[in-house]
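*Asks:* Before anything else, here's the structure in question.
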Amino acid sequence: MRVLILTAAEAKINELAVSLQKALQREGAQTDLVSADAGDGPVSTALYSLVCVVSGFKGWWKPKIPSEIEGLLKRTTRLEGKRGGAFVEAKVGSTKALRALMADLERQGVMVADFGTLGGEEEIAAVAKRLKRLG
């Protein structure tokens, strides 16, 4: 199983994405990590069976997904029909932020198969096991 993880450039979010990448690799998946600040060119998902997005958010009443994630999704190609995962950091307002991120993915044609919050190592390991079952 090949997994592409798209992430924000923020340091804390990038750490969560790297932890998810390592947990998926322990489960036997081949993973690649692309940060939102990795250039302006298109990102192809042709080689991947699963595309995951790890994002932060601002606000708790009406959370906003960073514009860099929206820009990264717009320049990502071949998302139509792909299975995906949507993950945000675990903090107040994460449920609404998760809905917003899932809506962004679905607008690009991704079928969101798994979603949740990422907090500690145990939680990330559980998410990696769930994602492995999808592949």
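The values are calculated or read from the model by the stated rules, or taken from the named source; none is laboratory data. What you see is a predicted model, and the numbers here were worked out from it, not measured in a lab. Cβ atoms come from the backbone with ideal geometry, glycine included; neighbour counts cover every protein chain shown.
*Asks:* Just need a number here: residues in the stretch 17-29 that are in contact with a Phe, Trp or Tyr (Cβ under 9 Å, 6 or more places away or on another chain) and more than 20 Å from E70 (Cα to Cα).
*Replies:* Within the stretch 17-29, residues that are in contact with a Phe, Trp or Tyr (Cβ under 9 Å, 6 or more places away or on another chain) and more than 20 Å from E70 (Cα to Cα) number 1.
*Asks:* What number of residues within the stretch 40-50 satisfy the criterion of being assigned to a strand (DSSP E or B) and touching a residue at least 40 places away in the same chain (Cβ under 8 Å)?
*Replies:* Matching residues across the stretch 40-50 total 1.
*Asks:* Now a separate question. Among (1) surrounded by fewer than 17 Cβ atoms within 10 Å (Cβ to Cβ); (2) at pLDDT below 95; (3) in contact with a Lys or Arg (Cβ under 6 Å, 6 or more places away or on another chain), there is one condition K74 misses while meeting the rest; what is its number?
*Replies:* Failed condition: (3).
*Asks:* From L101, L105, which residue is modelled with pLDDT of 95 or more, closer than 13 Å to A8 by Cβ and either of a type in the set (A, V, I, L, M) or in a loop (DSSP other than H, G, I, E, B) (or both)?
*Replies:* That would be L101, the only listed residue that is modelled with pLDDT of 95 or more, closer than 13 Å to A8 by Cβ and either of a type in the set (A, V, I, L, M) or in a loop (DSSP other than H, G, I, E, B) (or both).
*Asks:* Scan the stretch 68-80 and give yes if some residue there is in a loop (DSSP other than H, G, I, E, B) and either touching a Leu at 6+ places or on another chain (Cβ under 7 Å) or within 17 Å of E123 (Cα to Cα) (or both), otherwise no.
*Replies:* So far as the stretch 68-80 goes, no, none of its residues is in a loop (DSSP other than H, G, I, E, B) and either touching a Leu at 6+ places or on another chain (Cβ under 7 Å) or within 17 Å of E123 (Cα to Cα) (or both).
Yes/no matrix, rows are residues, columns are (1) touching a Leu at 6+ places or on another chain (Cβ under 9 Å); (2) assigned to a loop (DSSP other than H, G, I, E, B); (3) of a type in the set (D, E):
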{"site": "L6", "(1), (2), (3)": "yes, no, no"}
{"site": "A9", "(1), (2), (3)": "no, yes, no"}
{"site": "N14", "(1), (2), (3)": "yes, no, no"}
{"site": "V18", "(1), (2), (3)": "yes, no, no"}
{"site": "K22", "(1), (2), (3)": "no, no, no"}
{"site": "L33", "(1), (2), (3)": "yes, no, no"}
{"site": "A38", "(1), (2), (3)": "yes, yes, no"}
{"site": "C52", "(1), (2), (3)": "yes, no, no"}
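*Asks:* Let me ask something else about it. Looking at the stretch 59-100 only, could you name the residues that are hydroxyl-bearing (S, T, Y) and touching a residue at least 12 places away in the same chain (Cβ under 8 Å)?
*Replies:* Across the stretch 59-100, the qualifying residues are T76, T77, S94.
*Asks:* So the check is Cβ under 7 Å with 6+ separation or different chains; which pairs have a first residue in the stretch 4-20 that's in contact (Cβ under 8 Å) with a residue 40 or more places away in the chain and a second one that's part of a helix (DSSP H, G or I) and among the basic types (K, R)?
*Replies:* Pairs found: none.
*Asks:* Report yes if some residue within the stretch 110-124 is at pLDDT 95 or above, part of a loop (DSSP other than H, G, I, E, B) and buried (at least 17 other Cβ atoms within 10 Å of the Cβ); otherwise report no.
*Replies:* Scanning the stretch 110-124 turns up at least one residue that is at pLDDT 95 or above, part of a loop (DSSP other than H, G, I, E, B) and buried (at least 17 other Cβ atoms within 10 Å of the Cβ).
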